[in-house]
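> Handing you a structure now.
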Amino acid sequence: MTNLPKTPSFDLSGKKVLVTGASSGIGLGCAVAVAEAGAQTYCAARGLDRLTQAVEAMQAAGYSAETLPMDQSDIEAMSKALAEHAFDVVVNSAGIARHSAAIETTPEDYDAVMHINLRSAYFLSAQAAKAMIDAGKPGSIIHISSQMGHTGGIDRALYCAGKHGLEGMIKSMAMEWGKQRIRINSICPTFIRTPFTEATFSDPERLAWIMQKIKLDRVGEVEDIMGAVQYLASDASAMVTGTSLLIDGGWTAG
């Protein structure tokens, strides 16, 4: 008799999941994705008004969601929140961009972008892993990175520097925490239609460049990210760590 393999579950029932940058755009999509899979979802962001509106909409849809006001650049406050809750999954969607020609980048722009996109991501990962280790349980850490962590882009030297750094950080942390069954990965989208990218899409020259590079001949939507979040958060990806899932419509294929 042939014993058939059983497909691993995407179910997140009973799991506590933190999603940062959850008030809108990709972050909100991540929060809905894990909540839809059954997770008890904690939504974090700096702007409390928009965050509250997002969580109320999730609750009205029947999801288990609550607000967790947190500025993840505040390392001490972030560490306290992570230790108190001992999350099973942490999804980091917080990020900023200040695009310009490299020769026009100011030290202030550099510090602002690196502070959020790399520094806060580093310590969020470290503190999340520490809390998981202290609780004696496995976990999954997911960063919303970018295709720009694998290539270059016009007027994006600063942004690419942070995302390339993030990808290297993830590989090293995966090596460090593997024996504790703590997985860490990234999702690397192409240009996704959100308020964050509105200015880029409104520039005809930039839009033409984007459409030339995306082989599937359309820009990304938030919904394109959601299945990947469920996958990396769940046991379906139990053997996946230290890598990136490119959702780029073929941009980096060549």
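The values are calculated or read from the model by the stated rules, or taken from the named source; none is laboratory data. Keep in mind that this is a model prediction, so the values were computed, not measured. Here the Cβ positions follow ideal geometry from the backbone for every residue, glycine too, while neighbour counts run over all protein chains shown.
> Residues ALA126, ALA157: which one is small (Gly, Ala, Ser) and touching a helix residue (DSSP H, G or I) at 6+ places or on another chain (Cβ under 7 Å)?
When all the criteria are applied, what remains is ALA157.
> Right, another one. Only residues that are of a type outside the set (S, T, N, Q), closer than 18 Å to ILE247 by Cα and crowded, with 18+ Cβ neighbours inside 10 Å: list them for the stretch 168-202, please.
Once the filter is applied, which keeps residues that are of a type outside the set (S, T, N, Q), closer than 18 Å to ILE247 by Cα and crowded, with 18+ Cβ neighbours inside 10 Å, the stretch 168-202 yields ILE170, ILE184, ILE187, CYS188, PRO189, PHE191, ILE192.
> Check every one of the strands (runs of 3 or more DSSP E) wholly within the stretch 1-70 and list those with 2 or more residues that are among the aliphatic types (A, V, I, L, M).
16-20
> A follow-up question, please. Output the residues belonging to the stretch 38-53 that are surrounded by 21 or more Cβ atoms within 10 Å (Cβ to Cβ) and over 18 Å from TYR122 (Cα atoms).
Those that are surrounded by 21 or more Cβ atoms within 10 Å (Cβ to Cβ) and over 18 Å from TYR122 (Cα atoms): ALA39, THR41, TYR42, CYS43, LEU51.
> For the stretch 27-63, how many residues meet the condition of being of a type outside the set (Gly, Ala, Ser) and within 22 Å of GLY139 (Cα to Cα)?
10
> Ok, one more. Evaluate the following for ILE187: is it aliphatic (A, V, I, L, M), assigned to a helix (DSSP H, G or I), touching a residue at least 12 places away in the same chain (Cβ under 8 Å) and within 24 Å of GLY29 (Cβ to Cβ)?
no
> I've got another one for you. Inspect the stretch 154-161 for any residue being in contact (Cβ under 8 Å) with a residue 40 or more places away in the chain, touching a strand residue (DSSP E or B) at 6+ places or on another chain (Cβ under 9 Å) and buried (at least 18 other Cβ atoms within 10 Å of the Cβ) and give the result as yes or no.
Scanning the stretch 154-161 turns up no residue that is in contact (Cβ under 8 Å) with a residue 40 or more places away in the chain, touching a strand residue (DSSP E or B) at 6+ places or on another chain (Cβ under 9 Å) and buried (at least 18 other Cβ atoms within 10 Å of the Cβ).
> A further question on this structure: How many residues are surrounded by fewer than 19 Cβ atoms within 10 Å (Cβ to Cβ) and among the small types (Gly, Ala, Ser) if we restrict to the stretch 222-250?
Of the residues in the stretch 222-250, 5 are surrounded by fewer than 19 Cβ atoms within 10 Å (Cβ to Cβ) and among the small types (Gly, Ala, Ser).
> Could you tell me which residue of the stretch 91-108 is surrounded by the fewest Cβ atoms within 10 Å (Cβ to Cβ), considering only residues that are small (Gly, Ala, Ser) and part of a loop (DSSP other than H, G, I, E, B)?
The extreme case among them is ALA101.
> Another one. From the list ASP88, ASP74, ASP111, pick out the single residue that is closer than 30 Å to ILE133 by Cα, surrounded by fewer than 24 Cβ atoms within 10 Å (Cβ to Cβ), modelled with pLDDT of 95 or more and out of contact with any helix residue (DSSP H, G or I) (no Cβ under 6 Å at 6 or more places or on another chain).
Result: ASP88 is the single residue among ASP88, ASP74, ASP111 that is closer than 30 Å to ILE133 by Cα, surrounded by fewer than 24 Cβ atoms within 10 Å (Cβ to Cβ), modelled with pLDDT of 95 or more and out of contact with any helix residue (DSSP H, G or I) (no Cβ under 6 Å at 6 or more places or on another chain).
> What number of residues within the stretch 221-252 satisfy the criterion of being within 24 Å of TRP177 (Cβ to Cβ) and part of a loop (DSSP other than H, G, I, E, B)?
7
> Within the stretch 115-157, which residues are within 22 Å of ILE214 (Cα to Cα) and either in a helix (DSSP H, G or I) or basic (Lys, Arg) (or both)?
GLN147, MET148, GLY149, ARG156, ALA157
> Looking at this structure, is SER64 on the phi < 0 side of the Ramachandran plot, touching a His at 6+ places or on another chain (Cβ under 7 Å) and either among the hydroxyl-bearing types (Ser, Thr, Tyr) or surrounded by fewer than 22 Cβ atoms within 10 Å (Cβ to Cβ) (or both)?
Criteria not met by SER64.
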